1. Hey, does segment 112-123 have a residue that's away from ligand 2 (no atom under 16 Å from the Cβ), over 19 Å from V24 (Cα atoms) and at pLDDT below 90?
2. Say we look at segment 226-238 and pick out the residues that are within 14 Å of ligand 2 (Cβ to nearest atom) and part of a helix (DSSP H, G or I); which of these is nearest to P54 (Cα to Cα)?
3. Scanning segment 43-53 for residues that are in a helix (DSSP H, G or I) and touching a residue at least 12 places away in the same chain (Cβ under 8 Å), which turns out farthest from S113 (Cα to Cα)?
4. So E217 ticks every box in (1) within 14 Å of ligand 1 (Cβ to nearest atom); (2) under 23 Å from W129 (Cβ atoms); (3) out of contact with any Asp or Glu (no Cβ under 8 Å at 6 or more places or on another chain) but one. Which box is left unticked?
5. Which condition does F72 not pass, out of (1) crowded, with 19+ Cβ neighbours inside 10 Å; (2) without any contact (Cβ under 8 Å) to a residue 60 or more places away in the chain; (3) of a type in the set (F, W, Y), if it passes all the others?
6. If only one of L87, L55, L59 is away from ligand 2 (no atom under 13 Å from the Cβ) and crowded, with 19+ Cβ neighbours inside 10 Å, which one is it?
7. Among residues belonging to segment 194-215 that are in contact with a helix residue (DSSP H, G or I) (Cβ under 6 Å, 6 or more places away or on another chain), part of a loop (DSSP other than H, G, I, E, B) and within 15 Å of ligand 2 (Cβ to nearest atom), point out the one that is farthest from L30 (Cα to Cα).
8. From (1) surrounded by fewer than 22 Cβ atoms within 10 Å (Cβ to Cβ); (2) within 20 Å of the chain's Cα centre (by Cα), pick out the condition that doesn't hold for R211.
Amino acid sequence: MDATAVATMPKRAALNLPTLIHHVWALSPLILVHVGALAIFLTGGALWEWLLMPLFVYLRGLVTTIGYHRYFSHRSFKTSRVTQFLLGFFSSANLQQGPLWWAAYHRHHHRHSDDPGDVHSPYHGGFWWAYCGWLFVPLAPQWRDVSDLRRYPELVWLERFWQLPGFFLAGLSLWAGGWSFLCVCFCLSAVANFHLTFVVNTYGHLLGSRRYNTGDESRNSLFLAFISLGDGWHNNHHHYPHAAQAGFFWWEIDASFRVIRLMEMMGLVWDVRRVPAHKLEPSSTSQPQDSEDDRALASRTP
Ligand SMILES: [Zn+2]
Ligand SMILES: [Zn+2]
């Protein structure tokens with residue numbers, strides 16, 4: 001690995017027993033939901049469970065995209081402390097670690113997009129490393145990148161116990177629907193959500209067209225936008241990451257932005273950031289992730 005990669009990638013955590021135990025504990029939900037999904041071959045599933053499963057995939061996708069991505073990583077709208085916590089709680093139930101961890105890596109991705117140290121980049125370290133391999137190496141997130149989120153004790157608490165919402169909903173699934181419901185509706189939908197996130201992070205830089213010269217390999221794809229509820233307009237998103245919308249034009253379907261607009265109409269969120277008209281032009285310059293605008297945003301209340 002060259003010096004640039006070492007300089008820009010998150011540092012490896014010191015290898016000792018507490019680090020290893022913590023790392024295995026952090027990875028265990030990812031492994032458990034895959035085992036649970038494979039257990040479908042033992043439990044089977046009722047027709048109504050298979051019909052409900054896509055709805056759970058859809059709901060999980062919405063909370064990851066709206067919660068972890070557009071709110072915690074990009075602060076693209078304002079909301080109350082209660083809604084902020086609920087977004088964190090339900091996003092955590094997808095078991096992709098805590099909101100601070102997720103936002104720290106995602107902000108790192110935007111700042112070093114397709115640089116040698118970008119863990120998400122399929123252009124460095126190989127496709128499988130970018131897809132999910134990096135998760136299996138104990139890295140130290142750059143917590144200073146999320147100092148704006150660390151000001152909230154309830155988020156710090158959620159970050160510490162991020163497995164609780166998922167374990168609670170898994171227990172509820174088992175209690176309410178039995179083993180087959182747990183495996184089909186909880187585990188399989190969580191597996192789908194994991195892989196949709198991995199797919200956007202990698203194929204969003206491989207598949208599709210480029211409208212803006214963002215300085216990285218981010219691409220727009222209708223197919224990815226459809227399955228990822230909007231985040232597949234990835235070149236748009238890297239061009240102006242502060243916006244609550246990734247689809248910039250009416251024909252660019254963005255289910256997550258539609259839900260954010262609905263939440264705005266209901267008064268649950270406000271100050272929803274949209275793309276300024278002059279940023280729509282293909283010739284406009286891309287906005288860097290950590291602009292002055294962002295730093296001002298990070299210092300404000302939710
Ligand atoms: Zn990207
Ligand atoms: Zn982003």
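The values are calculated or read from the model by the stated rules, or taken from the named source; none is laboratory data. Note that the coordinates shown come from a computational prediction; the quantities given were computed from them, not determined experimentally. Using ideal geometry, Cβ is built from the backbone for each residue, glycine included, and neighbour counts are taken over all protein chains shown.
1. yes
2. We begin by selecting, within segment 226-238, every residue within 14 Å of ligand 2 (Cβ to nearest atom); these are 228-238.
Within this subset, residues satisfying the condition of being part of a helix (DSSP H, G or I) are 234-238.
Values: H234: 23, N235: 27, N236: 27, H237: 26, H238: 28 Å.
The selected residue is H234.
3. Taking the candidates together, the pick is T43.
4. (3)
5. Condition (2) is where F72 drops out.
6. Unique residue meeting the criteria: L87.
7. Y212
8. (2)
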